Amino acid sequence: MTGIQPAPGLPAEAAPAIEGDALQQHFQTGVAADDIEQIFLLKRAQPVLQAFSALFHGGFEHVLLRLSVLRELAAETESACFTRADINLRLAFLLPDSLETVLSRLRSHQLLAWDAAQSVYRVTPMARNVLAALDGLLRVEQGDDQAEVGFLLSQVAGAQVMGGVSVEQLQHLLARLVDLTEEFRDAIASGSEFRLRSAQVKWHMACDWVEKGSQVIQAITGDPQADSATHRAAQAIGRAQSALLNMQGMFSRALNQIERQRVHLGQSGLSTTDIKLWLLQHDDLAGLADGALSCAVAPLFMTPAEMIDVAETELLSDKHDDGARLGLPDGMDAPVTLAEQDPMARELDDWLGKLASFTDMAGNAPAPVEQALLPANFALASYRASLLPLLGDPNEASLQGPTARLARLPLDLHLQDELQPLAQGEVAAMTRATLSPAARLSALAAELETILASPQEVSDE
């Protein structure tokens, strides 16, 4: 293969680009590269693309060096020009040969302009535009934007203010919203509590950006000067935002289902989720077994002679029992035993009676959930809290037993996404929630009160 090699003494990164129309060889016969819309638009933006190529061509070390030099020179606002002595002073931490190589590349690609008449350097407007775009991207990436929507939305908002928002910018934002929606749906379908909670954090962050960008999208859709393609892209973004916001119910149902299926370890109050969280905090899980065994496990082996003796004994015992199996065994009276009620069952019955009293609350005012869970130790309070999501469950209410009685109680549980400190006994904090009579019970009470208030109409009927 032939190619162009740099001349002796010329840095490798300053080698000239290969001349000629090498782009056409990548297309089918009879297809001109300029007939492709994207190729035409990109070729028209050749100066900007060459500026990026000049900065990012080569290894990562060279890229860092060029960007640091250009950013250092562009940060000077007191003077618009630099002499070579000024540059050497500002960049004295670089070797002279390395600095000369970087300046030569920036100057050859019109990122630095050389004024021969005054013998000074100037940062070109193209270089400042490139640095401004990079600074905006770096600032967003350094923030806590797990949804990765901030930079795309900032580009759309800035372009809308300047009156030049493009369909491509809207399509990038739309594609990211669709990706997030699919990611959240996959997390919900996975059934993993940890993946669900991680996705829910990212969902809240995405919703914050959606609220900030709603006004921008409304302004674009209401702009009479925007073309039809821009209007369609903005409307598609609005629908994607609505689908994203409507996923709150899906997250809640999935988390409630996991809460119902959570396994508690005896009466300790600990669940499998607590165990997994504790294990995730240890980098070396194998190290937890150090010192757990005081002595090595000694396996026991049987010789063939012992195995034959055992087999012979079992065979003879079966033969001796053949005569006994011919007749029926003698009848025996069943032993009489008194079953004692399980303490946990008594505790559950008492607690159900306490919950039933909440249906008679005056004015149907909601009551804090800690009134139903406390006083109790941590294990009992955790056990009671794990049963509360069964309230109003139609599947559980159709069964029999204490949990079915709990599901049939006319109470509604309202949860909030925050913790409240309590410091009552073994319970330090608890999720803020309230219990209130079910809506159907309130409606029935209101109807009964209306009937009692008009006895004459009832008697006429």
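A compact table of results
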read-out	value
Any pair with Cβ under 9 angstrom, 6 or more apart, that starts in region 41-53 at a residue that is more than 11 Å from ALA127 (Cβ to Cβ) and assigned by TED's automatic domain parsing to the domain that holds ALA127 and ends at one that is part of a helix (DSSP H, G or I) and of a type in the set (D, E, K, R)	LYS43/ASP34; LEU49/LYS43
Unique match (being in contact with a Phe, Trp or Tyr (Cβ under 7 Å, 6 or more places away or on another chain), of a type outside the set (A, V, I, L, M) and modelled with pLDDT of 80 or more) among PHE184, PHE194	PHE184
Residues of region 39-83 that turn out to be touching an Asp or Glu at 6+ places or on another chain (Cβ under 6 Å) and in a loop (DSSP other than H, G, I, E, B), as a count	1
Members of region 323-350 found to be at pLDDT 70 or above and of a type in the set (Gly, Ala, Ser), listed by number	GLY331, ALA334, ALA345
Test: residue in region 240-253 that is outside the structural domain of GLU396 (by TED's automatic domain parsing) and in contact with a Gly (Cβ under 8 Å, 6 or more places away or on another chain)	yes
Leading residue by the ranking (nearest to ALA433 (Cα to Cα)) among those in region 368-381 that are among the small types (Gly, Ala, Ser) and either out of contact with any Leu (no Cβ under 8 Å at 6 or more places or on another chain) or surrounded by fewer than 16 Cβ atoms within 10 Å (Cβ to Cβ) (or both)	ALA376
Tally of residues being of a type in the set (A, V, I, L, M) and surrounded by fewer than 19 Cβ atoms within 10 Å (Cβ to Cβ) across region 391-406	3
Given (1) modelled with pLDDT of 80 or more; (2) among the acidic types (Asp, Glu); (3) surrounded by 10 or more Cβ atoms within 10 Å (Cβ to Cβ), number of the condition ASP274 does not satisfy	(1)
Restricting region 162-185 to residues that are farther than 19 Å from ARG232 by Cβ and of a type in the set (A, V, I, L, M), the residue that is surrounded by the most Cβ atoms within 10 Å (Cβ to Cβ)	LEU180
Filter result for the condition that a residue is aromatic (Phe, Trp, Tyr) and either in the same structural domain as VAL156 (by TED's automatic domain parsing) or within 45 Å of the chain's Cα centre (by Cα) (or both), over PHE93, PHE82	PHE93
Complete set of residues in region 88-123 that are of a type in the set (S, T, N, Q) and surrounded by fewer than 17 Cβ atoms within 10 Å (Cβ to Cβ)	ASN88, SER98, SER104, SER108, GLN110, GLN118, SER119
Selection within region 236-269 - in contact with a Ser or Thr (Cβ under 6 Å, 6 or more places away or on another chain) and assigned to a helix (DSSP H, G or I)	ALA243, LEU244
Test: PRO437 is surrounded by 11 or more Cβ atoms within 10 Å (Cβ to Cβ), at pLDDT 55 or above and within 17 Å of THR359 (Cα to Cα)	yes
Flag if PHE52 is of a type in the set (Phe, Trp, Tyr), at pLDDT below 90 and under 20 Å from GLY136 (Cα atoms)	yes
Among the residues listed as ALA127, ALA206, ALA159, ALA226, the single one being modelled with pLDDT under 80, among the hydrophobic types (A, V, I, L, M, F, W, C) and crowded, with 18+ Cβ neighbours inside 10 Å	ALA226
Qualifying residue in region 104-114 (condition: under 22 Å from LEU138 (Cα atoms) and either assigned to a strand (DSSP E or B) or modelled with pLDDT of 85 or more (or both))	yes
Residue within region 414-426 that is at pLDDT 80 or above, surrounded by 16 or more Cβ atoms within 10 Å (Cβ to Cβ) and touching a helix residue (DSSP H, G or I) at 6+ places or on another chain (Cβ under 8 Å) present	no
Selection count where residues are without any contact (Cβ under 8 Å) to a residue 12 or more places away in the chain, closer than 22 Å to SER242 by Cβ and more than 14 Å from the chain's Cα centre (by Cα), scope region 153-204	1
GLU168 being part of a helix (DSSP H, G or I), among the acidic types (Asp, Glu), at pLDDT 80 or above and under 30 Å from ASP227 (Cβ atoms)	yes
Unique match (being modelled with pLDDT under 75, under 30 Å from LEU406 (Cα atoms) and in a helix (DSSP H, G or I)) among GLY353, GLY363	GLY363
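Matching residues to (1) surrounded by 13 or more Cβ atoms within 10 Å (Cβ to Cβ); (2) in contact with a Ser or Thr (Cβ under 9 Å, 6 or more places away or on another chain); (3) modelled with pLDDT of 80 or more:
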| site | (1), (2), (3) |
| --- | --- |
| GLY9 | no, no, no |
| GLU13 | yes, yes, no |
| ILE18 | no, no, no |
| ILE36 | yes, no, yes |
| ILE39 | yes, no, yes |
| CYS81 | yes, no, yes |
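The values are calculated or read from the model by the stated rules, or taken from the named source; none is laboratory data. Since this is a predicted model, take the numbers as computed values, not measurements. All Cβ positions, glycine included, derive from the backbone under ideal geometry; neighbour counts span all protein chains shown.
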